[in-house]
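**Student:** My questions all concern the structure below.
The values are calculated or read from the model by the stated rules, or taken from the named source; none is laboratory data. As the structure is a computational prediction, the values presented were derived from the model and not from experiment. Glycine also receives a Cβ, built like all others from the backbone with ideal geometry; neighbour counts cover every protein chain displayed. These area figures cover heavy atoms from the full protein model, side chains too; ligands, DNA and RNA do not enter into them. Shrake-Rupley method; radii C 1.70, N 1.55, O 1.52, S 1.80 Å.
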Amino acid sequence: MICGHTAAAVRAAEAPLLAAGEPLMLRAARALAGHVAARLGAPDTSSPDVPRVLVLVGAGANGGDGLHAAAMLRADGIHADAIATADRLHDEGAAALREQGGEILPLADTAPGMLQDTLARTTLVLDAILGIGGRPEVPADLLPLLAVVRGSGVPVIAVDLPSFVDATTGQAADEALHATETVTFGAVKAGLLLPGGAERAGILHLVDLGLGPHLPAPAVLRLEDADARGLLPQPGRDATKYTRGVVALAAGSEQYPGAAVLAVSGAARAGAGMVRCLAPQTVLDLVLRERPEVVGHRVERAQGGPDAADLTAVGRTDALVVGPGLGPEDPRAAAGVNCLRAGDGAEDGAGDGTGDGAREKTIARGAIDAGALGTITPEHRFGTDVVLTPHRGEAERLASRLGLDPDLPGVFLAPALASATGATVLLKGAITLVAPGDGGPLRAQDDATPMLATAGTGDVLAGVLGTLLAAGLPGPDAAALAAILHGRAGRLASHDGLHPLVALEVASHLPAAIGTILAGAQP
């Protein structure tokens, strides 16, 4: 598991070590220089193609890291020079580089044409302009420099984190450089795992500086394959369809009948013991042609009225998914949301048709997706084992109804929705954010491919999530694991993003996705 910490937490963890005289900067610089040297290989001084490193340095400690690393590279026979983006530099770092024969060019003395010529001879750029104190704003005088570096195509390694990225929130300036790798020191910064920062960080490499005992609980978590293996439900020898979990899905309508097919396929292919589908007969006919193992429950149509929706009278149900293919006006949407709301008398895994009838029966675990999100009001409260699955537009509309600011960045919007509803919130996106309703650490999963941006893939995700909840996983774990499985299946279906896909192919590739995780292999 990757643990992300705020800038304040990292500074506080560094403080006692610095006070004790620990040379954290030199340790960081040595690790950075070692990583760069390993990437470039041993220099052949007889060759005209000696690797050249150009370090973009700012005034602070991040610039000092870069300057010391450049000096160490020169001592190892690798050409390294710097461009100073500030009037003042870290004195010791600058002196170390000059002592090794390195050149530090002031940006003001570097014309665009000269910079282009320099980059044409450069093998690697180190971005050491700003560190954890950086903000997502680029000063006007640095815009031409970043544009030339970006246009050169020379690979960039970020020093600690990409410049002009907020270390805590991930918010990034549009002009910030995209690194192929980031060598980060002491602790992974939360912003490296979040939207904005994650897209610019590339592959993360953590350098241990001994901060661990001084760090608090992480602000952001990212599950890796080893964590996913530990969470994946595995049936024992005595397993039955009931012990593996029964998931019911209120999905599909005359307008969107295929949503039910996709959702139940996601649930079935993710390993549910039994899948129930609550839908009109025309939808069930379509579902059962594709998935004959599904148990269909016909939603009766009252004479001259709307579809009835007694979602709890279908037999044993461990988790309920409501919303794929439904509009807010569909009776199943409001009925499903009410089944999942928290309150006295809620029954875990209920729905067996018994009860005293004093209160609408509730099911403690499930997912609210698509049209059903539109029925949530400020009066609704849920437990953390209920997961809301909005995309950005749905999240904004829900925020407006709940009296929240819909324009908040996702890193703030997801926790705000979770706090307002008590539910776990899975905010879909290139980086999927999972905010627990109890205020626990944010999860940020980066497992998907852009090819998943096609109709119906969200319905598959809802089904996968329902299966994991029915198996008994806590809401935040189920949501993060569902994002991993869904993303991995999408990558397999699209040949790692090379080919377009359709949603049903994502469901079909779920068993293979589970297999790669259990085998410890990437697709």
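**Student:** Taking Arg301 as meeting all but one of (1) modelled with pLDDT under 95; (2) open to solvent by less than 60 Å² (accessible area, probe 1.4 Å), write down the number of the exception.
**Tutor:** Here Arg301 clears every test but (2).
**Student:** For the list (1) at pLDDT 95 or above; (2) surrounded by fewer than 23 Cβ atoms within 10 Å (Cβ to Cβ); (3) closer than 29 Å to Gly440 by Cβ, I need the number of the one condition that Leu452 fails.
**Tutor:** Every listed condition holds for Leu452 apart from (2).
**Student:** Here is a further query. Restricting to segment 374-409, and then to whatever is part of a helix (DSSP H, G or I) and under 22 Å from the mean Cα position of the chain (by Cα), can you tell me which residue is farthest from Val460 (Cα to Cα)?
**Tutor:** Ala399
**Student:** Tally up the residues in segment 279-293 that are open to solvent by less than 10 Å² (accessible area, probe 1.4 Å) and of a type in the set (Asp, Glu), please. Write out each step before concluding.
**Tutor:** Quick first cut of segment 279-293, residues open to solvent by less than 10 Å² (accessible area, probe 1.4 Å) only: 279, 283-284, 287.
Right, trim to of a type in the set (Asp, Glu) and you get none.
So the count comes out to 0.
**Student:** Here is a further query. Could you list, ordered by first residue, the pairs with Cβ atoms under 8 Å in which the first is in segment 464-477 and more than 22 Å from Leu504 (Cβ to Cβ) and in contact (Cβ under 8 Å) with a residue 12 or more places away in the chain and the second is open to solvent by less than 10 Å² (accessible area, probe 1.4 Å) and of a type in the set (S, T, N, Q), at least 6 apart or interchain?
**Tutor:** Filtered contacts from segment 464-477: Gly475/Thr424; Pro476/Thr424.
**Student:** Quick check on segment 237-259. Is at least one of its residues at negative phi, in contact with a strand residue (DSSP E or B) (Cβ under 6 Å, 6 or more places away or on another chain), among the hydroxyl-bearing types (Ser, Thr, Tyr) and modelled with pLDDT of 95 or more?
**Tutor:** First, the residues of segment 237-259 that are at negative phi: 237-244, 246-251, 253-259.
Narrowing the set further to residues that are in contact with a strand residue (DSSP E or B) (Cβ under 6 Å, 6 or more places away or on another chain) leaves 241, 246-250.
From what is left, the residues that are among the hydroxyl-bearing types (Ser, Thr, Tyr) are none.
No: segment 237-259 contains no residue that is at negative phi, in contact with a strand residue (DSSP E or B) (Cβ under 6 Å, 6 or more places away or on another chain), among the hydroxyl-bearing types (Ser, Thr, Tyr) and modelled with pLDDT of 95 or more.
**Student:** For segment 328-342: of the residues being open to solvent by less than 10 Å² (accessible area, probe 1.4 Å) and of a type in the set (Gly, Ala, Ser), which is nearest to Gly475 (Cα to Cα)?
**Tutor:** This residue is Gly336.
**Student:** Here's another thing I want to ask about it. Could you tell me which residue of segment 173-196 is nearest to Glu22 (Cα to Cα), considering only residues that are small (Gly, Ala, Ser) and in contact with an Asp or Glu (Cβ under 7 Å, 6 or more places away or on another chain)?
**Tutor:** Gly186
**Student:** Okay, next question. Could you check segment 114-129 and list, in sequence order, the residues that are touching a residue at least 40 places away in the same chain (Cβ under 8 Å) and open to solvent by 60 Å² or more (accessible area, probe 1.4 Å)? Walk me through how you get there before you give the answer.
**Tutor:** Filtering segment 114-129 down to residues touching a residue at least 40 places away in the same chain (Cβ under 8 Å) leaves 118-119, 121-129.
Arg121 - this is the single residue of segment 114-129 that is touching a residue at least 40 places away in the same chain (Cβ under 8 Å) and open to solvent by 60 Å² or more (accessible area, probe 1.4 Å).
**Student:** Residues in segment 322-362 that are assigned to a loop (DSSP other than H, G, I, E, B) and at pLDDT 50 or above: how many?
**Tutor:** Going through segment 322-362 one residue at a time, the tally reaches 14.
Quick grid of which residues meet (1) open to solvent by less than 10 Å² (accessible area, probe 1.4 Å); (2) out of contact with any strand residue (DSSP E or B) (no Cβ under 9 Å at 6 or more places or on another chain); (3) charged (D, E, K, R); (4) part of a helix (DSSP H, G or I):
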| residue | (1), (2), (3), (4) |
| --- | --- |
| Val411 | no, no, no, yes |
| Leu417 | yes, no, no, yes |
| Val425 | yes, no, no, no |
| Asp438 | no, no, yes, no |
| Asp459 | no, yes, yes, yes |
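**Student:** Which one of Leu231, Leu221 is within 21 Å of Pro474 (Cα to Cα) and out of contact with any strand residue (DSSP E or B) (no Cβ under 8 Å at 6 or more places or on another chain)?
**Tutor:** It is Leu231.
**Student:** Within segment 224-234, is even one residue under 28 Å from Ala519 (Cβ atoms), over 22 Å from the mean Cα position of the chain (by Cα), surrounded by fewer than 16 Cβ atoms within 10 Å (Cβ to Cβ) and at pLDDT below 95?
**Tutor:** Checked against the condition, which is being under 28 Å from Ala519 (Cβ atoms), over 22 Å from the mean Cα position of the chain (by Cα), surrounded by fewer than 16 Cβ atoms within 10 Å (Cβ to Cβ) and at pLDDT below 95, segment 224-234 yields at least one hit.
**Student:** Could you check segment 492-523 and list, in sequence order, the residues that are surrounded by fewer than 24 Cβ atoms within 10 Å (Cβ to Cβ), within 22 Å of Ala272 (Cα to Cα) and under 18 Å from the mean Cα position of the chain (by Cα)?
**Tutor:** Ile517
**Student:** If I go through segment 187-213 residue by residue, how many of them are in contact with a strand residue (DSSP E or B) (Cβ under 8 Å, 6 or more places away or on another chain) and either open to solvent by less than 10 Å² (accessible area, probe 1.4 Å) or under 16 Å from Val411 (Cβ atoms) (or both)?
**Tutor:** 15
**Student:** Right, here's the next one. Being on the phi > 0 side of the Ramachandran plot, in contact (Cβ under 8 Å) with a residue 12 or more places away in the chain, open to solvent by less than 50 Å² (accessible area, probe 1.4 Å) and small (Gly, Ala, Ser) narrows it down to one residue among Gly58, Gly4, Gly77, Gly63; which is it?
**Tutor:** Gly77
**Student:** Further, regarding this structure: Test Gly153 against the criterion of being open to solvent by less than 20 Å² (accessible area, probe 1.4 Å), over 20 Å from the mean Cα position of the chain (by Cα) and not aliphatic (A, V, I, L, M), and give yes or no. Walk me through how you get there before you give the answer.
**Tutor:** Values: open to solvent by less than 20 Å² (accessible area, probe 1.4 Å): no; over 20 Å from the mean Cα position of the chain (by Cα): yes; not aliphatic (A, V, I, L, M): yes.
Answer is no for this residue.
**Student:** Does Thr45 meet the test of being open to solvent by 10 Å² or more (accessible area, probe 1.4 Å), at pLDDT 95 or above and of a type in the set (S, T, N, Q)?
**Tutor:** Numbers: open to solvent by 10 Å² or more (accessible area, probe 1.4 Å): yes; at pLDDT 95 or above: no; of a type in the set (S, T, N, Q): yes.
Taking the combined requirement at face value, the residue does not satisfy it.
Results for (1) out of contact with any Gly (no Cβ under 6 Å at 6 or more places or on another chain); (2) open to solvent by 60 Å² or more (accessible area, probe 1.4 Å); (3) aliphatic (A, V, I, L, M), shown as yes or no for each residue.
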| position | (1), (2), (3) |
| --- | --- |
| Arg88 | yes, yes, no |
| Leu105 | yes, no, yes |
| Asp109 | yes, yes, no |
| Pro112 | yes, yes, no |
| Arg135 | yes, yes, no |
| Leu143 | yes, yes, yes |
| Ile157 | yes, no, yes |
| Ala179 | no, no, yes |
